[in-house]
Amino acid sequence: MFEKLQLQKIMTALKLQNPHISEAQWAETEARLAERIKNVSPPTIALIGLAGVGKSSTINALFNAGAKVSHHEPCTRVAQPIVGDLYEYTGRKGNIIVYDMPGLGENLMADETHYETYSKVLPNVDVAIWVIDAPSRVISPIEVALRRLRAENGNALVDKIVFAANKIDRIDPGEEAWIRQANVPSKQQQRTIGLYERFLRDALKNEVSSAEDSIVCYSAKRRYNLELLLEKVGMHAPDDRAWLLGRVADVADFREFVDPRLLGWIEANRDQLSQFNGRR
């Protein structure tokens, strides 16, 4: 379905720009484009982060509706050896090539090896997600890495990275403050999340082109803010590859963790709620 909509969008744009071309020629062009879209290589994502930050759960939440992937298998497409794992994941709507790469900060010798890995892998991916364990404030290793990557590989390499702060359901005053019935952070947590986002922006603003557009706080476990995360991932992918992420995306629905009674009440009072929002 996604491929059909994408093809229709492309064809509409082409026809507007080329009104002199015959319908027969358009039919041939559309057939060729459909074949090309069908055979295009799957999206390629680099996941960066220390063990336990939630890299696998993030991929599952974005591309497999929150379920564990049906299978993943080692992929041997990389000629040079790298530190980390390369897998081909099969989600519900298609395959994704995932580079699972270690994070920084364990020790200086390991970090040096990881820098080399980043320089080899990141030029070959569509987008990278650097998963941060919220509310960690150990950001200086990331700053150093970005400065070095930008100096050695240029701004384009750094600009394809999204900084994703996972596990915000645990943020101060703690996981028990999360409003489980609505599956949203409490007011106190919202304030803390805002402060943490500001901290990340201030820490990274000198190393990335647009820190505000590159940072998102979310919870893979609670399925919170996943749509925003996917949107920012798409924004950081190349224009001619971003649509592939939409094709294979299968974002876990955070409403599945909302109390059904609350959902029923919202649905029953949708008109009144819309009027209330309009008066605000």
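Quick note: the coordinates plus some simple rules give every number you see, no bench work behind them. Every value quoted in this text rests on a predicted model; they were computed, and no experiment measured them. Backbone-built Cβ (ideal geometry, glycine too); neighbour counts: all protein chains shown.
Here is how the numbers come out for the structure above:
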{"read-out": "Residue exposure sequence - MET235, MET101, MET109 - by fewest surrounding Cβ within 10 Å", "value": "MET109, MET235, MET101"}
{"read-out": "Residues VAL144, VAL98, VAL208, sorted so that the one with the fewest Cβ neighbours within 10 Å comes first", "value": "VAL144, VAL208, VAL98"}
{"read-out": "log₁₀ of I(q)/I(0) at q = 0.23 Å⁻¹ - region 156-205, Debye sum with one point per alpha carbon", "value": "-0.83"}
{"read-out": "Per-residue Cβ neighbour rank within 10 angstrom, fewest leading, TYR224, TYR115, TYR87, TYR218", "value": "TYR115, TYR87, TYR224, TYR218"}
{"read-out": "Neighbourhood net charge (15 Å Cβ-Cβ; Lys/Arg +1, Asp/Glu -1) for ARG147", "value": "-3"}
{"read-out": "Long pairs among LYS15/LYS160; LYS93/LYS120; LYS167/LYS187, criterion Cα-Cα beyond 26 Å", "value": "LYS15/LYS160; LYS93/LYS120"}
{"read-out": "Cut-off 13 Å between beta-carbons: net charge of the residues surrounding THR192, Lys and Arg +1, Asp and Glu -1", "value": "+2"}
{"read-out": "Nonlocal amide H pairs with ILE21, under 5 Å, H built at 1.01 Å", "value": "none"}
{"read-out": "Among beta bridges that DSSP assigns inside region 43-261, antiparallel share in %, nearest 5", "value": "40"}
